[in-house]
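Handing you this structure, nothing more for now.
The values are calculated or read from the model by the stated rules, or taken from the named source; none is laboratory data. A quick note: this is a predicted structure, and the numbers were derived from the prediction, not measured. A quick note on method: Cβ atoms are made from the backbone with ideal geometry, for glycine too, and the neighbour counts reach across all protein chains shown. Surface accessibility is based on the protein's heavy atoms, side chains included, excluding ligands, DNA and RNA. Shrake-Rupley method; radii C 1.70, N 1.55, O 1.52, S 1.80 Å.
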Amino acid sequence: MNEPIDGIDATRRRVLGAAALVALAVAPGVSLIAAADAGQRRAAAARPTRRFGLLIDTTRCKRSCTACVTACSAYNGWSNQGRPIDPQWIRKVEVTEPVSGLSHSVPVMCQHCAAPACVEVCPTGASFKRADGIVLVDRHICIGCRYCMMACPYKARSFVSEDVSGQRPDAPRGKGTVEGCTLCVPRVDAGELPACVEACSRQGGGAMTFGDLNDPRSAIRRALAAYPAVQLRADLQMDPGVRYQGL
Amino acid sequence: MSAIHYREIEGRGAGFWVLAALLAGLIAAGLTAAWFMEHIGHVITGMTNQVVWGMPHVIAVFLIVAASGALNTASIASVFGKVAYKPLARLSGLLAIALLSGGLLVLVLDLGRPDRLAVAMTHYNFRSIFAWNIFLYTGFLAVTGAYLWVMMERRLNDHTRRVGTAAFLWRLILTTGTGSIFGFLVARQPYDEAIMAPMFILMSFAFGLAILLLVLMSACKATGRPLGDAIVMRLKNLLGVFAAAVLYFLLAFHVTKLYQAEFDGAEAFLLRDGGVYTLLFWGGAVFLGGVLPMLLFWLPQTRRSRAAVVWGSLSVVAGGLALLYDIIVGGQAWPLSIFPGMQVSSSFYDGVVNAYTPSLPECALGLAGCAWAAFVTLFALKLLPFMPQSLADDAVEPPARIAGAGATDAAA
Ligand code: SF4
């Protein structure tokens, strides 16, 4: 936790400080500040030498299992009742090859790209990538334009269309802003696994591996070296940090 | 060369105030809708996590695109030295400002957090075309304002050409920027084509001119100012050419896409199986936006008719809105291709055509943007001398010598 703050993060902190002031001046009703501040303090710990990613082995993921989705929803405080406006940070997509009928059940969430389209298009810089590759939305400066949602190839983001209730202290949400998978950044910063990965290994098929893609000794790197894996829509060259085996 | 005399419109009659009240009412309704959208949330709109941009964006983009096109008439006069268009230069600049401000109003009020406008103005991500557009729009208002000023202030008249050129170049970049918003969305198959940007420029020429013609004809009619055939027929012919050009680009756009197998599904959807989107494309964009105006403007039976000019211009506007709805909403209705070549399904609408029905509040907001543009125009015409006192053929320089359909009337 005592890593030196790199330049990017220092700037970001200044920028955020200013944003917070502006937000306070123009919208006295803005909440979330305390929670996001906590997030900021942690963001300073992101190490640029690491790149976090996920490896998902679809052969171990059963269609009937939704442990990852349930855990994410519980930890991050969102829920989906099936309405088109409901948020969905992680979902199971049933993928079927039309000729053979071979099908897979594939968890899809923010792919934490190295060259994320959402960060590229965001007018205010609210969409940002941490030094360790985790792609986040800064709820302080998101103006809710949804351009990032238009640009994301994975439908990984949701717009909050109504008041939120049951917020979790570590996962601030806000009406009128955009949200998505954070790789459970508070947990990661505390040295824990993302909620989906933990749930998958406990109650699911153990299909998910989380780790540092830059570290050759990490479990994820060893698994990637052993079997071929793919990125979704690799042709778009956004270099997702989430990889899939067995597809 | 005789000087052109400009005069404010009187704006004292009952008609003026009824119109003003109507527009004010529409603006108030839109603001109320926006207030509800902010306080209750976008749940009261038809927009969802699948179709994230809807009716407000269709109308806002239309107004913004039309704004830069409305400036064209002024540019033709001051940049390209076509004297015949000079009397319209002020009106054209005014419409540009009015339309752009209307479009921006809608865009801003549709934001999830319109209260954070200050954040948008102080935090820029310079890699975002959207952020650049914020500069392009505010710059456009400033440059066009300056342009109007040098045109209207006699002592500064000498600068008209220089400032006019700046405004013209600015508007070209602005429309390219607006078109690029969609062209850059490579993840969405219906967009992802660089031809979007030039197509938007042509669209702006057509929409802007159609609106200019409509405003010009109704303003002259309402104030009893003479409006000769020379100018109307000239503008009408130009509008016909622009409508044809948009049609050509539309064709080129889809042919390019059809050549690439990866877009086959999206193209079949938009052009053949898309229900309302297919209808809007063929019936709206192609027929109303292109074919019908060309027929009305150039068929021997209608080419001399003023009514045909009005209907043709309205048709261009309707076709333009249909085209933008098709591009913006239709482009999102078609599902993202995350697993190309596979059949997909999920609890989050993967692999299905997304439904969208615009709700009353978002339509009211869009309408308010249009009403705002009209309101600004109306009062600007009343307060400042934007309109020439006469556009009769003998008041327009050079005396009626025009190509094409209107020639005979003009000479008569
Ligand atoms: S919705 Fe928020 S995060 Fe997304 S592009 Fe707009 S400002 Fe950026």
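If the Cβ limit is 7 Å and pairs must be 6+ apart or interchain, which residue in the range A:146-169 that is in the same structural domain as A:Val106 (by TED's automatic domain parsing) pairs with which residue that is of a type in the set (S, T, N, Q)?
If the second residue must be of a type in the set (S, T, N, Q), the pairs left are A:Cys148/A:Ser127; A:Tyr154/A:Gln111; A:Ala156/A:Gln111; A:Ser158/A:Gln88; A:Ser158/B:Asn49; A:Phe159/B:Asn49; A:Val160/A:Thr177; A:Arg168/A:Asn76.
Residues being touching a helix residue (DSSP H, G or I) at 6+ places or on another chain (Cβ under 8 Å), surrounded by fewer than 24 Cβ atoms within 10 Å (Cβ to Cβ) and β-branched (Val, Ile, Thr): count how many of those fall in the range B:216-242.
1
Does A:Asp215 satisfy the condition of being within 24 Å of A:Glu120 (Cα to Cα) and either away from the ligand (no atom under 16 Å from the Cβ) or assigned to a helix (DSSP H, G or I) (or both)?
Spelling it out, it is not the case that A:Asp215 is within 24 Å of A:Glu120 (Cα to Cα) and either away from the ligand (no atom under 16 Å from the Cβ) or assigned to a helix (DSSP H, G or I) (or both).
Continuing with this model, one more query. Condition (residue is more than 7 Å from chain B (Cβ to nearest Cβ) and in contact with a Cys (Cβ under 7 Å, 6 or more places away or on another chain)) applied to the range A:150-165: is it met by at least one residue?
For the range A:150-165, residues more than 7 Å from chain B (Cβ to nearest Cβ) and in contact with a Cys (Cβ under 7 Å, 6 or more places away or on another chain): present.
A further question follows. Scan the range A:70-115 residue by residue and report those that are among the polar types (S, T, N, Q) and within 21 Å of A:Cys196 (Cα to Cα).
Scanning the range A:70-115 gives A:Thr70, A:Ser73, A:Asn76, A:Ser79, A:Asn80, A:Gln81, A:Gln88, A:Ser105, A:Gln111.
In the range A:218-244, how many are outside any loop (DSSP other than H, G, I, E, B) and more than 14 Å from chain B (Cβ to nearest Cβ)?
Of the residues in the range A:218-244, 9 are outside any loop (DSSP other than H, G, I, E, B) and more than 14 Å from chain B (Cβ to nearest Cβ).
Here is a follow-up. Right, A:Gly82: closer than 19 Å to B:Gly46 by Cα and away from the ligand (no atom under 16 Å from the Cβ) or not?
So A:Gly82 fits the description; yes.
Quick one: how many residues across the range B:373-394 are open to solvent by 40 Å² or more (accessible area, probe 1.4 Å) and outside any helix (DSSP H, G or I)?
Looking only at that region, the number is 2.
Looking at the range A:88-109, is at least one residue of a type in the set (Asp, Glu), touching a residue at least 12 places away in the same chain (Cβ under 8 Å), within 26 Å of A:Asp57 (Cβ to Cβ) and away from the ligand (no atom under 16 Å from the Cβ)?
Yes, the range A:88-109 has at least one match.
Continuing with this model, one more query. Among what's in the range A:79-112 and is open to solvent by 10 Å² or more (accessible area, probe 1.4 Å) and among the hydrophobic types (A, V, I, L, M, F, W, C), pick the residue that is farthest from the other protein chains (Cβ to nearest Cβ).
Applying the filter and picking the extreme gives A:Cys110.
Considering only residues that are more than 7 Å from chain B (Cβ to nearest Cβ) and either in contact (Cβ under 8 Å) with a residue 40 or more places away in the chain or open to solvent by 20 Å² or more (accessible area, probe 1.4 Å) (or both), which ones fall in the range A:113-124?
Scanning the range A:113-124 gives A:Cys113, A:Ala114, A:Ala115, A:Pro116, A:Val119.
A:Ala199 is checked against (1) in contact with a strand residue (DSSP E or B) (Cβ under 8 Å, 6 or more places away or on another chain); (2) away from the ligand (no atom under 14 Å from the Cβ); (3) part of a helix (DSSP H, G or I) and fails just one. What number does that condition carry?
Going through (1) in contact with a strand residue (DSSP E or B) (Cβ under 8 Å, 6 or more places away or on another chain); (2) away from the ligand (no atom under 14 Å from the Cβ); (3) part of a helix (DSSP H, G or I) one by one, A:Ala199 breaks only (1).
Of the residues that make up the range A:174-183, is at least one hydrophobic (A, V, I, L, M, F, W, C), within 8 Å of the ligand (Cβ to nearest atom) and within 8 Å of chain B (Cβ to nearest Cβ)?
Among the residues of the range A:174-183, at least one is hydrophobic (A, V, I, L, M, F, W, C), within 8 Å of the ligand (Cβ to nearest atom) and within 8 Å of chain B (Cβ to nearest Cβ), which makes the answer yes.
I'd like to verify a number: residues in the range A:97-125 that are in a strand (DSSP E or B) and over 30 Å from B:Asn125 (Cα atoms), how many?
Selection size over the range A:97-125: 5.
Taking only pairs six or more apart or across chains, which ones have beta-carbon atoms under 6 Å, a first residue in the range B:1-25 that is under 12 Å from B:Thr377 (Cα atoms), and a second residue that is among the acidic types (Asp, Glu) and surrounded by fewer than 10 Cβ atoms within 10 Å (Cβ to Cβ)?
Here the result reads none, with nothing in the range B:1-25 linked to a residue that is among the acidic types (Asp, Glu) and surrounded by fewer than 10 Cβ atoms within 10 Å (Cβ to Cβ).
Residue by residue, here is whether (1) on the phi > 0 side of the Ramachandran plot; (2) at pLDDT below 95; (3) of a type in the set (Gly, Ala, Ser) holds:
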position	(1), (2), (3)
B:Thr357	no, no, no
B:Glu362	no, no, no
B:Leu365	no, no, no
B:Ala371	no, no, yes
B:Gln389	no, yes, no
B:Asp394	no, yes, no
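State whether the residues of the range B:148-161 include one that is more than 16 Å from the ligand (Cβ to nearest atom), within 14 Å of chain A (Cβ to nearest Cβ) and among the hydrophobic types (A, V, I, L, M, F, W, C).
Checked the range B:148-161: no residue is more than 16 Å from the ligand (Cβ to nearest atom), within 14 Å of chain A (Cβ to nearest Cβ) and among the hydrophobic types (A, V, I, L, M, F, W, C).
Also, quick follow-up: I'd like to verify a number: residues in the range B:185-207 that are open to solvent by less than 20 Å² (accessible area, probe 1.4 Å) and assigned to a loop (DSSP other than H, G, I, E, B), how many?
5
Regarding the range B:117-133, can at least one residue be identified that is among the aromatic types (Phe, Trp, Tyr), over 19 Å from the mean Cα position of the chain (by Cα) and more than 8 Å from every other protein chain (Cβ to nearest Cβ)?
Yes: one or more hits.
How many residues are more than 12 Å from the ligand (Cβ to nearest atom) and in a loop (DSSP other than H, G, I, E, B) when one looks only at the range A:154-171?
Total satisfying the criteria: 11.
Got a number for residues in the range A:125-137 being within 12 Å of the ligand (Cβ to nearest atom) and either open to solvent by less than 10 Å² (accessible area, probe 1.4 Å) or among the hydrophobic types (A, V, I, L, M, F, W, C) (or both)?
Number of matching residues: 6.
Here is a yes/no grid of residues against (1) among the hydrophobic types (A, V, I, L, M, F, W, C); (2) free of Cβ contacts under 8 Å to residues at least 12 places away in the same chain; (3) surrounded by fewer than 19 Cβ atoms within 10 Å (Cβ to Cβ):
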position: B:Asp110; (1), (2), (3): no, no, no
position: B:Ala120; (1), (2), (3): yes, no, no
position: B:His123; (1), (2), (3): no, yes, no
position: B:Ile129; (1), (2), (3): yes, no, no
position: B:Arg154; (1), (2), (3): no, yes, yes
position: B:Phe168; (1), (2), (3): yes, no, no
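Restrict the check to the range B:177-184 and report whether at least one residue is surrounded by 19 or more Cβ atoms within 10 Å (Cβ to Cβ), away from the ligand (no atom under 16 Å from the Cβ), under 30 Å from A:Phe128 (Cβ atoms) and more than 14 Å from chain A (Cβ to nearest Cβ).
Among the residues of the range B:177-184, at least one is surrounded by 19 or more Cβ atoms within 10 Å (Cβ to Cβ), away from the ligand (no atom under 16 Å from the Cβ), under 30 Å from A:Phe128 (Cβ atoms) and more than 14 Å from chain A (Cβ to nearest Cβ), which makes the answer yes.
I need the full set of residues from the range B:338-361 which are more than 7 Å from chain A (Cβ to nearest Cβ) and surrounded by fewer than 20 Cβ atoms within 10 Å (Cβ to Cβ), in order please.
Selection gives B:Pro340, B:Gly341, B:Gly351, B:Val352, B:Val353, B:Asn354, B:Ala355, B:Thr357, B:Pro358, B:Ser359, B:Leu360.
While we're looking at this one, here's another question. Cβ-Cβ below 6 Å, separation at least six or inter-chain, first residue in the range B:36-48 and more than 19 Å from A:Met150 (Cα to Cα) and open to solvent by less than 10 Å² (accessible area, probe 1.4 Å), second at pLDDT 95 or above and not in a loop (DSSP other than H, G, I, E, B): which pairs?
Short answer, once both residue conditions are applied: B:Met37/B:Pro361.
Under the condition of being in contact with a strand residue (DSSP E or B) (Cβ under 6 Å, 6 or more places away or on another chain) and in a loop (DSSP other than H, G, I, E, B), which residue from the range A:139-153 is farthest from the ligand (Cβ to nearest atom)?
A:Arg146
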